[in-house]
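As structure tokens, the structure follows; a few thoughts come after it.
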Amino acid sequence: MNCSRIKSLLVVCFGLFALLFSTSLLANENPVVTDAAKQEVSEGAPKEHAAKKEVDFNVTETILEHIKDEHSWHLWGNKSIHLPVIVKTNKGYEVFSSEKLVEVERLENGTYEFKPIIYKGNFDYKLIEGKLKIVDANGNVDKAANKQFWDLSITKNVASLFVSVFILLVVLLTAAAAYKKTGVKSAPKGIQSFMEPIILFVRDEVAIPNIGAKKAGKYLPFLLTIFFLILVNNFLGLIPFFPGGANVSGNIAFTMTLAVCVFVVVNLSANKSYWEHIFWMPGMHWSMKLFLAPIELIGVFTKPISLMIRLFANITAGHILVLSLICLIFIFKTVFASAIAVPFAVFIGMIELLVAFLQAFIFTMLAAMYIGMATEEHHHEKAHGAHH
Amino acid sequence: MLLEINPLVLPDIGLVFWNTIAFFVLLIVLGKFAWKPIIKAINERESGIEEALLKADKMKAEITAMQNENEALLAKAREERAALIKEAKEASEKMVAEAKDKAKSEYDRILADAQVAINQQKNAALTEVKNQVGTLVVEVAEKVLRKELSNKADQESYIKQLAEGVKLN
């Protein structure tokens with residue numbers, strides 16, 4: 001009794017101390033953060049005047065700037081990693097550094113401004129609102145040329161994706177090697193013991209209940225890969241600095257690719273009874289069958305689309321929430337706003353940790369469910385027949 | 001386009017392209033070198049555990065059966081022992097009784113023999129005593145008579161007396 005009371009008192013004291021400390025720390029750091037924010041503002045709205053920037057703090061621009069993809073990976077100040085730009089046009093492939101797309105200008109207040117400039121290759125390339133476009137001599141978007149323009153650059157998200165792939169390969173191949181080394185008879189150790197419960201969780205809670213023990217093994221590698229890829233990218237997205245900071249799993253292209261993979265797997269593994277239930281629902285009146293067929297057919301597409309949007313929206317919303325809370329400090333233009341904003345941001349960050357796991361789980365769970373629906377053996381055909 | 005689409009929901013072809021490659025690389029490499037051995041190992045371990053548990057159950061059942069058998073054997077042995085003891089007791093009692101009977105009959109016989117012998121001895125002794133007494137009496141009578149009849153006058157008187165008694169018929 002006594003012991004727990006002392007413990008809770010300690011927790012409260014420590015919490016208060018940490019809060020004060022974090023506030024004072026943030027007060028010190030504040031100018032730097034403001035600089036960075038201004039920088040992004042300048043990047044997003046290049047037409048604005050330097051003097052005006054002190055007054056105009058565009059929250060939407062700042063947040064979107066953080067969520068969107070970039071051609072270079074900004075680290076701090078004027079330091080960025082210049083990622084390669086790869087473009088394909090009707091004149092073939094072209095590779096150049098993204099360094100050539102921006103011009104860094106040091107402002108009077110010590111911050112940096114990144115101005116998009118035209119790079120002259122086979123065509124004139126310029127970043128328009130963060131996206132690479134072909135422009136004409138006047139600096140306007142050349143719509144006709146852009147139709148045959150493919151931007152296959154290693155962007156920040158692509159680089160972050162590669163980082164996550166690298167992490168996954170290292171971690172999981174290490175774990176797999178441990179199984180080979182120590183054999184099955186000994187208890188798992190280290191990374192192996194960390195990964196095994198997650199793998200078992202995916203197998204026992206996701207794959208087997210939805211697909212059935214018999215077929216689950218066939219789809220388990222696919223589900224595990226999807227789960228771990230989403231999970232690692234979700235976690236990397238929560239880290240605010242390099243090598244995290246990219247919003248990969250909150251990018252529609254990423255979720256779309258995975259959703260398309262699920263769509264392909266589901267429809268390729270679908271059996272006869274699945275298609276029958278879509279186009280000619282058994283056990284229904286023929287008019288009802290005609291009515292249900294288009295609805296069910298739409299369902300085939302809405303399932304992966306819902307997967308795509310759910311993951312994208314959840315992760316993006318989380319990032320927007322955290323960024324909005326941090327932006328409160330700049331909206332109120334006072335250090336004391338951080339006393340509220342930082343604890344809230346930490347709190348949301350905690351929830352985001354949960355969401356990171358939860359969304360990976362839900363995506364995998366629903367993918368497994370769709371696969372399960374497509375491969376299910378219907379044993380109630382006779383029951384349907386009885387209705388006729 | 002009539003509607004201006006938010007760039008957030010507009011997928012970049014570049015990321016789609018690289019993501020597809022990354023995903024398939026992951027799927028193939030992990031599928032072959034990570035998931036396969038890991039899942040195989042986990043399944044092996046699980047089946048091993050299951051087997052071990054089944055074996056343990058079987059062993060347990062075997063041990064219980066053995067214990068039951070042992071107990072049954074013990075009980076049987078105990079019963080046998082009790083029966084043996086009982087039998088032995090009975091036998092010994094019987095033997096004792098028999099021995100007693102035999103001893104008694106022997107005693108009786110010896111007693112009877114002894115009595116017979118005693119009687120015989122007694123009779124013999126009595127006969128001898130009788131004979132002895134008879135002899136002694138005769139001797140005494142002879143001596144008395146001799147003494148009595150040492151003078152002639154007594155002899156004649158005695159003969160006369162005897163003759164008187166023997167009256168010729």
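If r is the Cβ-Cβ distance from residue A:60 to residue A:104 and R0 is 22 Å, what FRET efficiency results, to the nearest 0.05?
So, using R0 = 22 Å, E works out to roughly 0.35.
Once you reduce segment B:1-78 and segment A:106-126 to the center of their Cα atoms, the two points are 53 Å from each other. Take each residue of peptide A:180-191, count the partner chain Cβ atoms within 10 Å of its Cβ, and average: the result is 2. If the segment from residue B:144 to residue B:87 were pulled out straight at 0.36 nm per residue, it would be longer than the present Cα-Cα gap by 12.3 nm. Put a dot 7 Å past the Cα of residue B:100, heading toward its Cβ, do the same for residue B:6, and the two dots end up 11.8 nm apart.
Take each residue in B:44-52, count the other chain C-beta atoms within 10 Å of its C-beta, and the mean is 2. Ordering of A:84-91, A:216-223 by packing is A:216-223, A:84-91, highest average first (other Cβ atoms within 10 Å, averaged per residue). Remark: segment A:157-387 carries 47 Å² of accessible area per residue (probe radius 1.4 Å; ligands, DNA and RNA excluded). Once the Cβ-Cβ distance of residue A:204 and residue A:166 is raised to the sixth power relative to R0 = 22 Å, the FRET efficiency obtained is 0.20. In straight-distance terms, cross-link reach from residue A:100 covers every one of the aspartates and glutamates whose alpha-carbon lies under 19 Å from its own, apart from those fewer than eight places away in the same chain; here that gives A:40, A:43, A:69, A:70, A:113, A:124, A:129, A:136, A:151. Summarising the label geometry, the points placed 7 Å from Cα in the beta-carbon direction at residue A:117 and residue B:125 lie 16.9 nm from one another. Rounded to a whole number, what % of the accessible area of the protein assembly as shown do carbon and sulfur atoms account for, probe 1.4 Å? Carbon plus sulfur share of accessible area: 66 percent.
Any chance you could run the full-extension gain for residue A:305 through residue A:138? It's 0.36 nm times the residue separation minus the Cα-Cα distance, nm to one decimal.
Details: separation 167, 0.36 × 167 = 60.12 nm, distance 3.96 nm.
Extra length from residue A:305 to residue A:138 when fully extended: 56.2 nm.
If R0 is 35 Å, what FRET efficiency do you get for residue A:272 and residue B:21 from their C-beta distance, rounded to 0.05? Efficiency at R0 = 35 Å is approximately 0.55. Multiplying the residue separation of residue A:189 and residue A:344 by 0.36 nm and removing their Cα-Cα distance gives an extension gain of 52.1 nm. Counting Cβ atoms of other protein chains within 10 Å of each residue's Cβ and taking the mean over peptide A:259-272 gives 1. Label sites at residue B:62 and residue A:95, each approximated as a point 7 angstrom past Cα along Cα to Cβ, lie 6.6 nm apart. Each peptide among A:173-183, A:241-251 gets the average number of other Cβ atoms lying within 10 Å of its residues, and from highest to lowest they stand as A:241-251, A:173-183. Averaged over its residues, segment A:51-154 has an accessible area of 56 Å² per residue, based on protein heavy atoms and a 1.4 Å probe.
In chain B the Cα-Cα distances spread across 5 Å bins starting at 0 as 2, 5, 4, 4, 4, 4, 4, 4, 3, 4, 3, 3, 3, 3, 3, 3, 3, 3, 3, 2, 2, 2, 2, 2, 2, 2, 2, 2, 2, 2, 2, 1, 1, 1, 1, 1, 1, 1, 1, 1, 0, 0, 0 percent of all pairs. When Rg and Dmax are taken over the Cα atoms of the protein assembly as shown, they come to 59.3, 224 Å.
Listed by chain and number, the lysines whose alpha-carbon sits under 23 Å from that of residue B:86, ignoring those within fewer than 8 places in the same chain, are B:76, B:94, B:100. Centre-to-centre, using Cα atoms only, segment B:90-169 and segment A:228-297 are separated by 147 Å. Placing +1 on the Cβ of every Lys and Arg and -1 on the Cβ of every Asp and Glu, with no other charges, gives segment B:64-169 a dipole of roughly 500 debye about its Cα centre.
The values are calculated or read from the model by the stated rules, or taken from the named source; none is laboratory data. Keep in mind that this is a model prediction, so the values were computed, not measured. Every residue, glycine among them, receives a Cβ derived from its backbone with ideal geometry; neighbour counts consider all protein chains shown. All accessible areas refer to the heavy atoms of the entire protein, side chains included, with ligands and DNA or RNA removed. Shrake-Rupley method; radii C 1.70, N 1.55, O 1.52, S 1.80 Å.
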